[in-house]
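Chemist: My questions all concern the structure below.
What follows is calculated from the coordinates using simple rules that are stated; it is not laboratory data. As the structure is a prediction and not an experimental result, all values here were calculated from the model. Cβ sites come from the backbone with ideal geometry, for glycine too, and all protein chains shown count toward neighbours.
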Amino acid sequence: MRIRRTGTALAVLAGLLAVPVAGVPAHARAECGAANAALGRPATASSAEGAAFSAGNAFDGNTGTRWSSAFSDPQWIQVDLGSVKEICAVELSWEAAYGRDFTIQASADGAAWTTLKTVTGATGGTASYEVAGSGRYLRVHGTARGTGYGYSLWEIGVRTGGGDGGGQLPGGGDLGPNVKIFDPSMPAAAIQAQIDQIFTQQEAAQFGTGRYALMFKPGSYDVNVNTGFYTSVHGLGRDPGAVTVKGVSVDAGWFNGNATQNFWRSTENLSVAPYDGTNRWAVSQAAPFRRMHIKGSLNLAPSGYGWASGGYIADSKIDGQVGPYSQQQWYTRDSSVGGWINSVWNMTFSGVEGAPPTGFPEPRYTTLDTTPISREKPYLFLDGGDYKVFVPAKRTSARGVSWANGSTPGTSIPLAGFYVAKPGVTAETLNRALAQGLHLLFTPGIYHLDRTIEVDRAGTIVMGLGLATLVPEGGITAMRVADVDGVRLAGLLIDAGTVNSQTLLEIGRQGVHTDHSADPISVQDVFIRIGGQFAGKATSSMVVHSDDTIIDHTWIWRADHGDGVGWNVNTADYGLRVHGDDVLATGLFVEHFRKYNVEWFGERGRTIFFQNELPYDPPNQAAYMNGTVKGWAAYKVDDSVDAHEGWGMGSYCVFTSDPGIEVDRGFETPVKPGVRFHSLLVVSLGGKGRYNHVINDTGAPAYGVETIPSMVVSYP
């Protein structure tokens, strides 16, 4: 096996991608994009010299990795560009073992190939070739080697033209009709009337099609923002103190005082000076409370103190006490509270000033002094009269709010750097905007995708307002992120289509491990739904391959109610599957999947707070077996893993079709010194089902109508 490196290969390739190809007419050069359409895309080859020299290495943008074939002719390597594209240039960066004679080919289906370029007598190095043709697949087919070794490529770059109309897409622009922007000069009564009109429409619209973002320019407002489904509330200041309202409120009158279905809404970056000293935010899953300053107390329960199943707070300051009351569980990160009144099943804190100390199992508090790694969600703000997106910096060992000693550290990007998407835009246009170097901002609405959104460029931001919703059609993956640094996904709902998708969201590429610790990929307030709106289907919902990824608040939900719901209707096997190493999940909510809700293969994974319900609807025990094991663990760490840790983790069962169903283990892990768990519990709700153990074969059974948790303080 030959180990050779070049420090200049990637730099040379990048230079070729940035300049026109010699000999191409000026009008053609204008339409040949600078971006590498092959970066991070799936690749295959006729052979590989060894496991360390796989085809994907030629498309990973990494100067130190390469594809190398067997020592024979012919050989080929190909890449899937994701959709048919107009291909205008191909760049090859050869290692010392180069191809002398080869062809560059394209195919729409990976079977029938068209030759775009024939090369004979090549001498290696890095070269760029002008081509003209279209295809989804690009192949380099070698017929004669230049050395006695195989074919070895550091990188292959593919440049594409504007196949859906060409031309530069504009950045910036208006935010669309469903973003309501308020100014403090407007009469308070007029603002309140508009808020109330939207709330009346959205209060009970759990599976409705309305999407709204309510935005407040800096100033004070004598209004209470009742917040219904698919509504996001935003302050447009640089920090929370720039905007003050009297309330950002959620109650449960629409559902007879039961808040367990108060989903899909958010608030961020405001101060609240409550009329009566207490703000009510009675929510359950997918309702983040970020960058808020409550100048008083915060009540997390509905009027009448009916059930609630939240929830998530981050980067927020509550001057008074927080009262969960009937909340089953809650996670609070990097915040400051004046006190915390009570616990029910699982209250978990990391990096929270004023949090109660760990008391689990009684009281059921789990408290980490700091959050090991965190980075706040990007947000829109006004800089003078210009809209920008602020991108907060990464924090390590964080404690308290990021804005405690002045403005949150980070950088800002003008709105002109974003393609502002509106419902009806095609996925091809979205991908063209990304290839052009723009970030994506989805305005409120529902977006039907006929092809995968491909996020290939390091540092790209893809964010949504008003729970912007992506619906993949025809069984595609909604979004795929390459194995690159610093991508940020935020504020989106992915709603599985009616044709089964193998995956809905993919982060990174299978088998690739790159150190992203300095600038990790982050997934924040990205929610996934299978069923409820219609009979969605997906084998795996979110799959994470990239090392060091931060998953900061997600709810991955196979629907238990709504339309298109049933054991064999909204089929979905796995919620979250993690293959990357050093992945951190803070605020992980995953529910109702038919097999493992979470399955973790990567090393040194960490989860701070996990909330789960097992599926309601297995028809009987025979339908819910994992081989000879009764049921499927909610959270599975693969037997190959040597190091993993979790804090504040709960799983609940309520088998409505057959209350006699048993689950042998709520959590299933290898028994190794590096695998550790803290504050675990399982609960049978109303006696509908039974857990035989909490984790592996440890922990007492949970069963019976008393709904009493079985708990394990630490494992092993």
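Chemist: Can you tell me the orientation of helix 188-202 relative to the chain, as the angle in degrees between its alpha-carbon axis and the longest Cα principal axis, to the nearest 10?
Modeler: Rounded to the nearest ten degrees, it is 80.
Chemist: Only Lys, Arg, Asp and Glu count, each charged at its Cβ (+1, +1, -1, -1), so figure out the dipole size of the chain about its Cα centre, rounded to 20 debye. Please list the in-between numbers first.
Modeler: Details: 54 positive and 66 negative charges, 116 e Å.
The calculation lands at about 560 debye.
Chemist: Quick one: which residues, 5+ away or cross-chain, put their amide H under 5 Å from the amide H of V512? H built at 1.01 Å from N.
Modeler: none
Chemist: Also: Tally Lys/Arg at +1 and Asp/Glu at -1 over every other residue whose Cβ is under 14 Å from the Cβ of D552; what's the total? Mind dumping the intermediate values first?
Modeler: On the way: positive: R290, R291, R333, R375, K377, K394, R395, R488, R606; negative: E268, D315, D334, E376, D525, D548.
Local charge sum for D552: +3.
Chemist: Give me the extension gain from D319 to S220: residue separation times 0.36 nm, minus the current Cα-Cα distance, reported in nm with one decimal.
Modeler: On the way: separation 99, 0.36 × 99 = 35.64 nm, distance 1.86 nm.
Length gained, D319 through S220: 33.8 nm.
Chemist: At a Förster radius of 41 Å, what calculated FRET efficiency corresponds to the Cβ-Cβ distance of A96 and D642, to the nearest 0.05? Kindly include the intermediate steps, with their values, before the conclusion.
Modeler: Numbers: r = 37 Å, r/R0 = 0.90.
It comes to 0.65.
Chemist: Name all residues of segment 414-430 having a backbone nitrogen under 15 Å from the label point set 7 Å from the Cα of D174 along its Cα→Cβ direction, giving them as ranges.
Modeler: 420-423
Chemist: Taking the mean number of other Cβ atoms within 10 Å as a proxy for protection, how do you rank 368-376, 225-233, 482-490 from highest to lowest?
Modeler: On the way: 368-376: 20.4, 225-233: 25.3, 482-490: 23.4.
My ranking of the peptides, most packed first, is 225-233, 482-490, 368-376.
Chemist: Could you pull out every residue, at least 5 positions away or on a different chain, whose amide H is within less than 5 Å of the one on A301? Hs are placed 1.01 Å off N in the peptide plane, and Pro or chain starts have none.
Modeler: For A301, the qualifying residues are W281.
Chemist: Using 0.36 nm per residue, how much length does the chain from S412 to I341 gain when fully extended, once their Cα-Cα distance is taken away? The partial results should precede the final answer.
Modeler: Values: separation 71, 0.36 × 71 = 25.56 nm, distance 3.77 nm.
Using 0.36 nm per residue and subtracting the Cα-Cα distance, I get 21.8 nm.
Chemist: Here's a follow-up. Per DSSP H run of n ≥ 4, the term is -39500 (n - 2.57); total these for the chain, divide by its residue number, and report the mean residue ellipticity at 222 nm rounded to 500 deg cm²/dmol.
Modeler: On the way: 4 runs with 40 residues, N = 716.
-1500 deg cm²/dmol, from helical runs alone.
Chemist: Let me ask something additional. Given A252, V322, G277, which one lies farthest toward the positive end of the charge dipole of segment 185-334, if we put +1 on the Cβ of every Lys and Arg and -1 on the Cβ of every Asp and Glu?
Modeler: Sorting the options by dipole projection puts first V322.
Chemist: Can you work out the FRET efficiency for the pair N500 and T429, with r the C-beta to C-beta distance and R0 = 25 Å, to the nearest 0.05?
Modeler: It comes out at approximately 0.45.
Chemist: State the percent of C-alpha pairs, over all pairs in segment 185-334, separated by a distance greater than 21 angstrom. Write down the numbers at each step before the final one.
Modeler: Values: 4167 of 11175 pairs.
Of all Cα-Cα pairs in segment 185-334, 37 percent lie more than 21 Å apart.
Chemist: Roughly speaking, what % of Cα-Cα pairs in the chain are separated by over 45 Å, rounded to a whole number?
Modeler: 23
Chemist: Sticking with this one: How much length would be gained if the chain were fully extended between T278 and N620, taking 0.36 nm per residue of separation minus their Cα-Cα distance, in nm to one decimal? Kindly include the intermediate steps, with their values, before the conclusion.
Modeler: Numbers: separation 342, 0.36 × 342 = 123.12 nm, distance 4.61 nm.
118.5 nm is the gain from fully extending T278 to N620.
Chemist: Could you state the angle between the C-alpha long axis of helix 9-18 and the longest principal axis of the C-alpha atoms of the chain, as a value from 0 to 90 degrees rounded to the nearest 10?
Modeler: Compared with the principal axis, the helix lies near 90 degrees.
Chemist: A further question follows. Which lysines have a Cα less than 28 Å from the Cα of K117, not counting those fewer than 8 places away in the same chain?
Modeler: Cross-link targets: K85.
Chemist: Consider just the alpha-carbon atoms of segment 80-144 and return their Rg together with their Dmax, both in angstrom.
Modeler: Expressed in Å, the Cα Rg and Dmax of segment 80-144 come to 11.8, 32.
Chemist: Could you work out the relative contact order of segment 421-715? I mean the mean sequence separation of Cα pairs under 8 Å and 6+ apart, divided by the number of residues, in percent.
Modeler: Values: 979 pairs, mean separation 28.4, N = 295.
Dividing the mean separation by the residue count of segment 421-715 yields 10 percent.
Chemist: Could you compute the FRET efficiency for E706 and A189, with r as their C-beta to C-beta distance and R0 at 45 Å, rounded to 0.05? Mind showing how you got there, number by number?
Modeler: Numbers: r = 51 Å, r/R0 = 1.12.
Computed FRET efficiency for E706 and A189: 0.35.
Chemist: Check the cysteines of the chain one by one and keep only those with no other cysteine Cβ under 4.7 Å from their own.
Modeler: C653
Chemist: Only sites in a loop by DSSP and with at most 10 other Cβ atoms within 10 Å count here; which chymotrypsin sites (Phe, Trp or Tyr not before Pro) in segment 621-716 make the cut?
Modeler: Values: sites: Y624, W632, Y635, W647, Y652, F655, F667, F677, Y691, Y703; in loops: Y624, W632, F655, Y703.
Nothing satisfies the criteria.
Chemist: Residue by residue, what Karplus-based ³J(HN,Hα) values in Hz, rounded to whole numbers, does segment 338-351 have, using 6.51, -1.76 and 1.60 with θ = phi - 60° and x for Gly and Pro?
Modeler: With the stated coefficients, segment 338-351 comes to x, x, 9, 6, 7, 10, 10, 10, 8, 10, 10, 10, 9, x Hz.
Chemist: Additional query: Output wanted: per-residue J couplings in Hz (rounded whole) for segment 271-279, from phi through Karplus 6.51 cos²θ - 1.76 cosθ + 1.60, θ = phi - 60°, x for Gly and Pro.
Modeler: 9, 10, 10, x, 3, 10, x, 9, 9
Chemist: Taking the Cα of Q201, stepping 7 Å toward and past its beta carbon, and measuring to each backbone N in segment 436-470: which are under 17 Å?
Modeler: Correct set: 443-447, 465-469.
Chemist: If amide hydrogens are placed 1.01 Å from N in the peptide plane, which non-local residues have theirs closer than 5 Å to the one on R375?
Modeler: Distant-sequence amide H within range of R375: R395.
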